[in-house]
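For reference, the structure discussed in these notes is given below.
The values are calculated or read from the model by the stated rules, or taken from the named source; none is laboratory data. The shown structure was predicted, so the numbers you read here are calculated from the model rather than taken from an experiment. All Cβ positions, even for glycine, are placed from backbone atoms using ideal geometry, and neighbour counts span all protein chains on display.
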Amino acid sequence: MNTTLNPAQEIGVESLPVTAGANAPESALLCPACGGENPLDAVFCGNPSCHKALGEFRYVLEEIGAQKNWLERLADRVALFVSKPHFIIFHVAWFTLWIMLNQGWIGPLAGFDDYPYDLLSFILAIEAILVTGFLLISQNYQYEYSEKRAELDYEINIRSYRKLLELEKRLDALSASESRVNRP
Ligand SMILES: [Zn+2]
């Protein structure tokens, strides 16, 4: 008798589930957000205005971004601006102009905030409080992002580990059945 045995059937293991990917009949990956077609190996949607993550797992930035309110979005923008050289250039230009105006070197507004520039100090104190607040909000968000990413990494690790264990068991079962078949 020369029949080919299906080891999976023989040892009573259910056949491996066909996951979307190499074995799937589809030739394109559909984006759940915009419905656009993407190559099967795409990680992000090719549509530039969409750019949704196409993975099996939740995408951290996407999930956290959806939960943000307007204040947190504003805080992000402020934190981004503060961390750029524009911020320093803007302040140097502002101070220079302020001093030149109040010393009467330029313009008609001479002396609206005489030395030692109390009004400027007052504005700067308020600005410092606001910027600090926004930075702290943005930092909280960064912390939340790191936490979420760690959680996601952990989830992927656990899933991979379980998958590996399952594969190992199936391999063991296969080799056991094979040695049984080959036994004279
Ligand atoms: Zn899309």
Note on segment 30-73: residues in a loop (DSSP other than H, G, I, E, B), within 15 Å of the ligand (Cβ to nearest atom) and either within 16 Å of the chain's Cα centre (by Cα) or among the β-branched types (Val, Ile, Thr) (or both) are VAL43, CYS45, CYS50, HIS51, LYS52, LEU54, GLY55, TYR59
Among (1) exposed (fewer than 13 other Cβ atoms within 10 Å of the Cβ); (2) at pLDDT 85 or above; (3) in a helix (DSSP H, G or I), the one test that TRP105 misses: (3)
Scanning segment 47-68 residue by residue, those loosely packed, with under 11 Cβ neighbours inside 10 Å and among the aliphatic types (A, V, I, L, M) turn out to be ALA66
Looking for whichever is part of a loop (DSSP other than H, G, I, E, B), of a type outside the set (S, T, N, Q), outside the structural domain of LYS52 (by TED's automatic domain parsing) and more than 30 Å from LYS52 (Cβ to Cβ) here; the options are PHE90, PHE112. Which one fits? PHE112
Suppose we filter segment 74-86 for residues that are in a helix (DSSP H, G or I) and loosely packed, with under 14 Cβ neighbours inside 10 Å; how many remain? 5
